[in-house]
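*Asks:* The structure is given below, and queries will be raised subsequently.
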Amino acid sequence: MQNRNAIKLRQTLIKLESQQPKLMAEIALIAQEFFKSNFKKQGSLKTGFEAWTPRKFNSGKGRSLLRQSGLLFNEIRKRSGKNYAAVYNGLKYARIHNDGGNIPITPKMRRFFWAQYFNLMKGALNKSGNSSSLKKASKLMPQAQFWKNMAMKKGSVIKIPARPFIYKSLVLEKKISKYINQFVKKINNGN
C-alpha cells in the first residue's frame, strides 16, 4: 500500500510539470517589469537601492538618465521556455551602459561633434536678431556647448559610467521565490 503523501506529491509534480511553461513565462514577465522599473527609479536594486551616476554635462536637464530616445528601455525583452526564463537587451550599446567602459574617440567622431555644434549654432543665430531668435539661442546654447566640449575633449576616450539596468539582484530573486511558492500552493490546492 502506497503512502498517501507520496501519491499526493506525485500528482502535484505532474500538475507542476504541465504548468511549468506558464510559470517560466510569468517569471520572465516579473523580471522584465523589475528591470524596466530601474529607469523610473534611476538606479538599481541589487541588495538595496543604488542611484545611477549622474551626467557630467547636463545637456538634457529634466531628462532621465538612459532615456534619450527610449530605445534602451523598450528593448528590454523577455524570453521563456519549459525550463528557462530570461531577460535581455539586444542593442549594441546596451552593454556599455549596463557595465560601463571606455569608447575610443576617433577623428570621425570629432568631426561629428563639430558638425553638431555648428548646426546648433547656425540655428541659434538669426540675422534679424529678433527676440524669438534670442529665446531659441538660449535653449540651444547648452546643447551646443556640450557638442563643443565633446569635440575639444582632451584624451582619446569617453568614459561611460556603469548604470546597471539588467543585473543579478537578491531583491528580484526573493520576489521570484515568493511567486513560485504562491504558484506551487495554488497547484497543491487544486486551483
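*Asks:* For a quick check of your reading of the model, give me the residue pairs whose first member lies in region 93-110 and is on the phi > 0 side of the Ramachandran plot, whose second is small (Gly, Ala, Ser) and surrounded by 14 or more Cβ atoms within 10 Å (Cβ to Cβ), with beta-carbon atoms closer than 6 Å and at least 6 apart or on different chains.
*Replies:* Matching pairs, first to second residue: Gly100/Ala162.
*Asks:* Under 7 Å between Cβ atoms, at least 6 apart or on separate chains: pull out the pairs that start in region 32-45 with a residue that is over 15 Å from Leu170 (Cα atoms) and end on any residue that is part of a helix (DSSP H, G or I).
*Replies:* Lys36/Phe73; Phe39/Phe73
*Asks:* Please go through region 32-52 and pick out each residue that is in a helix (DSSP H, G or I) and surrounded by 11 or more Cβ atoms within 10 Å (Cβ to Cβ).
*Replies:* Gln32, Glu33, Phe34, Phe35, Lys36, Ser37, Asn38, Phe39, Lys41
*Asks:* Let me ask another. Going by what's in this entry, would Leu29 be described as part of a helix (DSSP H, G or I) and within 33 Å of the chain's Cα centre (by Cα)?
*Replies:* Yes.
*Asks:* Another one. Would you point out the residue of region 11-28, among those that are among the hydrophobic types (A, V, I, L, M, F, W, C) and without any contact (Cβ under 8 Å) to a residue 60 or more places away in the chain, that is surrounded by the most Cβ atoms within 10 Å (Cβ to Cβ)?
*Replies:* Ala28
Values in this text are rule-based calculations from the coordinates and carry no lab data. Everything numeric here is computed off the predicted structure, so don't read it as measured data. Cβ coordinates were reconstructed from backbone atoms using ideal geometry, including for glycine residues, and neighbour counts include every protein chain displayed.
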